[in-house]
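First up is the structure itself, then whatever we jot down about it.
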Amino acid sequence: MRIIVQKFGGSSLSSPEKRLQAVNKVIAAKKEGYSCVVVVSAMGRKGDPYATDTLIDLLKEIHPEIKVRELDMLLNCGEIISAVVISQLFNKLGHETIVLNGAQAGIITDNVFTEARILQVKPERIIKSLEENKIVIVPGFQGITETGELTTLGRGGSDTTAAALGVALEAEYIDIFTDVDGIKTADPRIVEEAKTLDVVTYTEICNLAHQGAKVIHPRAVEIAMQKNIPLRIRSTFEETPGTLVTNLGHANKVEIPNDRIITGITQVPNITQLKINLNAKENGKKLNLKIFRALALANISVDFINIYPEEAIFTVKDEDTEKAVKILQNMGLEVFTTPDCAKISVVGANMAGVPGVMATIVEALTEENIEIMQTADSHTTIWCLVRKNDMEKAVKVLHKRFKLG
Ligand code: ADP
Ligand code: ASP
Ligand code: MG
């Protein structure tokens, strides 16, 4: 059996016309001889009747504190509705289908509600249905724990479902169909001239995805990479090849560019910078430990961490600021906050050891009067913290300066 997993995002399923285009992609693959596993997201985006955000709002309108176990039960419904609707459309067009929800598809997760991780996939039932020549439709983003609790895999998690099934079924391809024609050198909503990348390595796309390129979930890339299953990011609405994500250039008869220094620019908005004066009663070392332990206990994730003898600087998500400040003030600390910041990342798997990348970034941002509030770097990424008002300008100017368009 030549198996292909085809995942359609919510933006590709938001109207009857779009759903027909999605279904036609599957029918085309079937005609090519593939056994098709279709993974679907909930239909549409915030405001659409069965979209994930709409379901969340349904509870928030009643009371802001939501029990995560029950939330996951509700969120499972969005993808199930989508799967059954798509199935009906296939049936109308004369194709036999079966819908298998997360549990029936054998997706076993841990019990971290709203952010569950897949522990195991038991694909036997899918394989049996494929052997019966059925198109198998699986609602994405969901799984079941060993004790029978319904879970979800984190926002954007239908990509993760597709990747996990692709690996378990040893698929020839995992196709991620979306509303753009591939992975681009920057978010096309900000940089109109952003270029679609033909081929990228798992590492390159993983870095982009971790740094805010929402086009694919980073965990999906990590899973596909384990078994070297090629991923393709493609448009539901166009006939273009999209972006191939692979390490195996030869096997896929493509050339993977290994001299690309910068792959792309990404951004993450809505971040607050916190500065804490450590010249207090206790010595800084002990305080640092207490600060980060307290924040971790409150489930607040910190980023951009710089620790000096006299102060600690780091960032949290805007939505966590109030909680973080309260915790720190209760410890008797003086906290200075700068809300509404954004993290800009210049990402490139081959930038290590290349002189001048930082100089180019500083030059480009300074020329545009964009204040760099903090920086950090690794061997694949340079991060700059800027004000949110400067975010779009910063992405545009860096994209241009590195000639990515
Ligand atoms: P889906 O509904 O298919 O899951 P998403 O909204 O999750 O779609 O992802 C697709 C969107 O990701 C695109 O509409 C695009 O605006 C955005 N995006 C952000 N960064 C990038 C990038 N580097 N390349 C392509 N798309 C990107
Ligand atoms: N519907 C879920 C979300 O909006 C999962 C997904 O679309 O991938 O996050
Ligand atoms: Mg998505």
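Just so it is clear, none of the values below were taken in a lab; they were calculated from the coordinates. Computed from a predicted structure; not experimentally measured. Cβ placement follows ideal geometry from the backbone for every residue including glycine, while neighbour counts extend to all protein chains displayed.
Just a few scattered comments:
- Looking across segment 104-134, the residues that are assigned to a helix (DSSP H, G or I) and among the charged types (D, E, K, R) come down to Glu124, Arg125, Lys128, Glu131.
- Lone qualifier among Phe292, Phe304 - being within 30 Å of Thr185 (Cβ to Cβ) and not hydroxyl-bearing (Ser, Thr, Tyr): Phe304
- Residues (surrounded by 24 or more Cβ atoms within 10 Å (Cβ to Cβ) and in a strand (DSSP E or B)) located in segment 135-145: Ile135, Val136, Ile137, Val138, Pro139, Gln142, Gly143
- Condition met for Lys396 (surrounded by fewer than 21 Cβ atoms within 10 Å (Cβ to Cβ), within 24 Å of the chain's Cα centre (by Cα) and at negative phi): yes
- Of the listed requirements (1) surrounded by fewer than 18 Cβ atoms within 10 Å (Cβ to Cβ); (2) more than 23 Å from Ile205 (Cα to Cα); (3) more than 25 Å from the chain's Cα centre (by Cα), Met358 misses just one: (2).
- Qualifying residues in segment 139-157 (those that are among the hydrophobic types (A, V, I, L, M, F, W, C) and within 16 Å of ligand 3 (Cβ to nearest atom)) - the one nearest to Ser35 (Cα to Cα): Phe141
- Candidate set: segment 20-53, residues that are among the charged types (D, E, K, R) and more than 30 Å from Val68 (Cα to Cα); chosen: the one nearest to ligand 1 (Cβ to nearest atom): Lys25
- The residues on offer are Ala28, Ala51, and the sole one that is of a type outside the set (Ser, Thr, Tyr) and farther than 27 Å from Asn133 by Cβ is Ala51.
- Whenever a residue of segment 260-275 is in contact (Cβ under 8 Å) with a residue 24 or more places away in the chain and assigned to a strand (DSSP E or B), its partners that are among the basic types (Lys, Arg) and buried (at least 21 other Cβ atoms within 10 Å of the Cβ), lying with C-beta atoms within less than 8 angstrom and at least six residues away or across chains, give the pairs Gly264/Lys184; Gln267/Lys343; Val268/Lys343; Ile271/Lys343.
- Filter result (within 13 Å of ligand 3 (Cβ to nearest atom) and assigned to a loop (DSSP other than H, G, I, E, B)) within segment 213-250: Ala213, Lys214, Val215, Ile216, His217, Thr236
- Of the numbered criteria (1) closer than 22 Å to Thr152 by Cα; (2) touching a Ser or Thr at 6+ places or on another chain (Cβ under 8 Å), the one Thr97 fails is (1).
- Here is the figure for segment 183-219: residues that are among the acidic types (Asp, Glu), surrounded by fewer than 23 Cβ atoms within 10 Å (Cβ to Cβ) and in contact (Cβ under 8 Å) with a residue 40 or more places away in the chain total 3.
- Residues that are surrounded by fewer than 12 Cβ atoms within 10 Å (Cβ to Cβ) and either farther than 21 Å from Arg232 by Cα or under 23 Å from the mean Cα position of the chain (by Cα) (or both) within segment 14-53 comprise Pro16, Glu17, Lys46, Gly47, Pro49, listed in sequence order.
- Condition check for Leu244: more than 16 Å from ligand 2 (Cβ to nearest atom), surrounded by 17 or more Cβ atoms within 10 Å (Cβ to Cβ) and at negative phi: yes
- Each residue in segment 146-182 was checked for being within 16 Å of ligand 2 (Cβ to nearest atom) and either surrounded by 21 or more Cβ atoms within 10 Å (Cβ to Cβ) or not in a loop (DSSP other than H, G, I, E, B) (or both), and 21 of them qualify.
- Cβ separations smaller than 7 Å between residues 6+ apart or across chains give the following pairs from segment 32-58 residues that are closer than 15 Å to Leu74 by Cβ and among the acidic types (Asp, Glu) to residues that are assigned to a loop (DSSP other than H, G, I, E, B) and within 15 Å of ligand 1 (Cβ to nearest atom): Asp53/Arg45; Asp53/Lys46.
- Of all residues in segment 54-62, at least one satisfies being farther than 18 Å from Ala168 by Cα, away from ligand 2 (no atom under 14 Å from the Cβ) and surrounded by 14 or more Cβ atoms within 10 Å (Cβ to Cβ).
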